[in-house]
Amino acid sequence: MISTAIRLARVGSRSELAAAVLLGLGYPCVLLAALIPNLGFFAGAAAVTYAADRFLHMRGSYLVNRLQKVRAGLSIRFLVRQLLLILLVARLDLADRVIFYVMLGGFLVFYALQVCHGALATLIRLRRTMPVVTRNVDLSAIRIPDAPPGGLLRRSGEKILHLDLPAVAGLIVAAWTNDYVYGYVGVGLTIGLGVLYVGALTWYLRGRRRVPAASTVLTAVDGWLREYRPTVVLYFSGSKESAYQVNMWLETMEQIEGRPLILLRERGIAAQLAPTAVPVICVPGGTHLMNLDLSTVRVALYAANVGKNIHLLRVPTMKHVFIGHGDSDKLASVNPYSKAYDEVWTAGRAGRDRYALADVGVRDEDIVEVGRPQLAPIQLSSGAPKNPIPTVLYAPTWEGWDDNPGNTSLLLAGENIIKRLLAAERPVRVIYKPHPFTGIRDPKAKAVHGRIANLLSAATAARLTEPRWAEAAAAAAAEQSTALAELARTETALAALDAPGRAGGDEAERSRVSLVDQGWLDEAKRLRDEWNDAYWRSFGYWEHRVVTGPEPKLYDCFNQSDAMVSDISSVVSDFIASGKPYAVTDSAELGVEEFKRQNTAVRAAVVLSNSAVELDELLTSVADPAADPLARARTELKRYLLGPDEPTSMEQFNAATRELAEKAQARNTGVEQRLAEPEGAAPPDDSAPTAEPEVNDLDSPVRG
C-alpha cells in the first residue's frame, strides 16, 4: 500500500511521502488557523509547510515538478501562505492598525523585488551562456570572466522566496505580544535582504562580467580547430540518460590513431561526460555546428541514430561511419537509417549477417568488422565461482518505445526471476542492475523495479538472521569497515579532483579551465579503480545488491558475477566476451527454437520463459562448470558475434580508420583536381596509373 502511495505521489521514498503528506495537510491547517484565528496553530502549521517544502526540494522530488505543472509551484505556495497571514492578522482585529498596512506594503514591495530578482538571474545566465561548451580546448585567446559565486545563483528562486521568513516570523510575534516593533523589524529585514540580493545580482551584469559575444567565441574555437587539425570525430546527440552511449567510447577515442575530437550536441550530455583527455566541443546550435571549421576531419563516427546527425552527415569532405553503442539482435541494430552512412562497423560476422537478413539497404561491401574495443576490461571466466556462493547478475533492458512484450523481461518475468534466484536450493547472491532508461515511459516498469529492490533488500535482511550468514558477517565486519573508510576517502578525493576551477563555476568558466593534463587523468582513473575495489569489498559476498547510476559500471558487475540473466540487448553480446554462462528471457513467448532462430546471441544461452522455471539449468552450469553443456557453443558464438581475438579490436579499429581516412582524402583530392581542370578539358584516362593519395598525418597527441 505504501509503495502504491509512493508511486501515485511521484515521490522516491517513504521520507519523501511523509513530507508530501505534511505539505498537503499543512496548507489546509494554515487556512483553518487563520480563520479561527489561532496564532500558535498558524505558526506550527506554517513551520511544517516550510520544512516539508524545503525537504522535497533538497531531495529533488519529482512531486515538486508535478506541483509546478498544476499551478501550485513554489512561488504560489509562498504567496498563499503570505495571504493567509494577512487573513490571520485581519481576523485578529488588526486591520485598522498601522502594522496591517506596513505588512501589506511590505509584501507588495517584496513581490516586486522577486520580479526584479528573477529577471536579473535569468539575464545573467543568458549573458554567460556561450554558444559552445568545451573540454580540453584552449580558449585562452578570449577573456572569459569568473562566474558569480555559486551561492548567488544556485537555487536562487528558492532563496529569494525564503527571505520572507523574517517578515512572517516578526508579524506572528508582533500579533502574539502586541509589540508591533517585531513586525516592523521583520518586514524591514525581508525588504533589506531582498534589496541586497538584487543589488548583488546587478553587480554581475557589468560588461566585464559578461562572456564574449557568440561570434568571438566561435572564432576562437575555429582558430583552435585550425591549429589542432582534428582527423577523427566522435559525434553524439541524445538525452542526458543516454550519456553512457558516448562514455563507452571514450577510452577507444583516447587510443585511436589520429587527432580525435568529440562533438556533442546537448549541454546535459557534456555535464555527464566522464573524464577524458580527448578534446570535447559541445555545440547545441545546428547553425553554429555547420559553420565550424572541420575541414581537416576525414572520419566521423556516430554512436546513435538520431535526427541531429544530419547536421554533420551533410559534410562531404569526411567519411561517415555508424559504430553504434552495442551489438545486439534488437531491431535498432539494423535500423534503415544506417544506409545514410558511408560504412557501418560491426563487432563480428554476426552484425554483417544481421544486415543481410534485414535487407534494409545497407550493402555488404559497406560493412566492416572491427571487434569491440570497449570489451577489454571484461575479465574471462576462471571456471569456478569467485566466492563461496555464486553471484548471478540480473541486467534487464528497458521497456522500449512501444508495448512489444519482447522488449524487456522486467514487466512479465522480472519478479519471477528474482524470487526463483532467492529461493534457489543452492544459495546465490543477486546483483540487480537495470537499464538507465527503466521506467521513463512505462510507470509499470518503474513499479516492478521498486518491488524487485524491496525483495532484494528484504532477502538480505533475512539472511543476517541465519547463523551461517551472521557468522560470515561477523568475520568480515573489520574488512568491510576498512573498505567503507576507503570508499569515503576516494569519494572525497574524486569530488575534489572532478571540480574544475572555483566551486560554483558555470559552463563558461568550466570551459575556460577545462584543460586536463595526463597526470590528472591518470590520478582520476586510479581513484576510480580504488573506489570500485572498495565498493565491492564494502559488503559481504552473501549480500544482494541493487546497482543503479553510472557507478559501478556494467562491466564491473560482469566481473563480479558468475552468470547473468538478461534480455535481447547489447548487454548479452558484451557478456559473452567473459565466456560465463548466461540466460535470456523469451518474454514474447516465441518458443525456444524460434527465439534462437531470430536472435543470434541466444544460441548459447539458457532460454527462460516468463515463469523462469528454467533457471535451475543456469545455476547447475555455474555450480558444476564441467557439466556445462553450452560451454563450447559460447566459445564459438563469441568469435561469431565479437570477432577474433587477434588482431586485437583496437588494432582492427585503427586499421579501419586509416583505410577510410585514405578514401576520404582520395575523394577530396579528386574533387580538387576536377575543379582545377580548365573547362572543356578531356576526361582523365582511367587506365593510367595514379599517384597514391596524400593522407593527413595521423599521429595522436592524445595517445602520446
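Read the figures in this text as sums done on the coordinates, not as results from a lab. Treat the numbers as computed from the prediction; the structure is a model and nothing was measured. Positions of Cβ are backbone-derived with ideal geometry, glycine not excepted, and every protein chain shown enters the neighbour counts.
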For this session: Specify the angular offset, from 0 to 90 degrees and rounded to the nearest 10, of the alpha carbon long axis of helix 14-35 from the longest principal axis of the alpha carbons in the chain.
Result: 30 degrees
Exercise. What list of ³J(HN,Hα) couplings, whole Hz, do you get for the stretch 300-313 from phi and the Karplus terms 6.51, -1.76, 1.60, once you set θ to phi - 60° and write x for glycine and proline?
Worked result: 10, 10, 10, 9, 8, 8, 9, x, 6, 4, 4, 5, 9, 4
For this session: Please report the relative contact order for the chain, taking Cα pairs under 8 Å with a sequence separation of at least 6, and give it as a percent rounded to a whole number.
Result: 15 percent
Exercise. How far is the Cα center of the stretch 344-370 from the Cα center of the stretch 70-88, in Å?
Worked result: 61 Å
Exercise. Which order results if VAL428, VAL392 are arranged by neighbouring Cβ count within 10 Å, fewest first?
Worked result: VAL428, VAL392
Exercise. Tell me, how many Å apart are the Cα centres for the stretch 620-634 and for the stretch 234-264?
Worked result: 37 Å
Exercise. Using the Karplus equation 6.51 cos²θ - 1.76 cosθ + 1.60 (θ = phi - 60°), what ³J(HN,Hα) coupling, rounded to whole Hz, does each residue of the stretch 172-187 give in order, writing x for Gly and Pro?
Worked result: 5, 5, 4, 5, 6, 9, 6, 9, 6, 4, 4, x, 4, 5, x, 5
For this session: Would you mind pulling out the separation of the Cα centroids of the stretch 429-502 and the stretch 516-580, in Å?
Result: 13 Å
Exercise. From the phi of every residue in the stretch 624-633, what ³J(HN,Hα) in whole Hz does the Karplus formula 6.51 cos²θ - 1.76 cosθ + 1.60 yield, where θ is phi - 60° and glycine or proline is x?
Worked result: 9, x, 5, 9, 6, x, 10, 4, 5, 4
Exercise. Sorted from fewest to most neighbouring beta carbons within 10 Å, what does the list LEU67, LEU608 look like?
Worked result: LEU67, LEU608
For this session: Starting from the amide H of ARG429, placed 1.01 Å from N in the peptide plane, find each other amide H under 5 Å away whose residue is 5 or more places distant or on another chain.
Result: THR391, VAL392
Problem set entry | Label of the coordinate-derived value, volume of the Cα convex hull per residue in Å³, listed as [x] 203; [y] 152; [z] 172 | [x]
